[in-house]
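J.: Please see the structure below; I have some questions.
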Amino acid sequence: MTPPTRYNVRQAAKLVGKSPSWMYQKGAAGQIPRSKLGHHVWWTEAQIAEILRSAEQPAKPSEKPKPEQKRQQQPPRRQAQPKRQPAQAGRNSKIPQADFGVSRLHRADA
């Protein structure tokens, strides 16, 4: 009788498509099958096949939009407001005007 082929963590991880640390963690947590004797850990072909089989997912049915389902209508866009004209300097302006006679930057004697 021939003993089953044994794979170390690197070999098994490569076959499964995961990292060696993932194999150690999931095996220690009991989430995937493994063989252990003392501090030696290995995986057989049957265990690797079981890991791959448990990872299979059924195909999802294609989801086509039904005729009665329509896109949600977006709210109407706001119309552009006309641009305001800048305030004119004068008596009616609410914007204070700079007094250039007081500013150091605009003095004639500078």
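The values are calculated or read from the model by the stated rules, or taken from the named source; none is laboratory data. Quick caveat: nothing in here was measured; it's all calculated off a predicted structure. Neighbour counts run over all protein chains shown; Cβ positions are idealised from the backbone, glycine included. The accessibility values were calculated without ligands, DNA or RNA, using every heavy atom of the protein model including side chains. Shrake-Rupley method; radii C 1.70, N 1.55, O 1.52, S 1.80 Å.
J.: To the nearest 10 square angstrom, how much accessible area does S62 have with a 1.4 angstrom probe?
T.: For S62, solvent-accessible area is about 100 Å².
J.: Can you pull the percent of the stretch 1-54's accessible area that's carbon plus sulfur, 1.4 Å probe, other chains left in place? Let's see the in-between values first.
T.: Working: 2080 of 3960 Å².
The C+S portion of the solvent-accessible surface of the stretch 1-54 is 53 percent.
J.: So, one more: Quick check: with the 1.4 Å probe, what order do R34, R10 take by accessible area, largest first? Let's see the in-between values first.
T.: Numbers: R34 75, R10 180 Å².
Final ranking, largest accessible area leading: R10, R34.
J.: Then there's this: Lys and Arg at +1, Asp and Glu at -1: add these up for the other residues within a Cβ distance under 14 Å of Q47 and post the number. Walk me through the numbers before you get to the answer.
T.: Details: positive: R6, K18, K26, R34, K36, R53; negative: E45, E50.
In short, +4.
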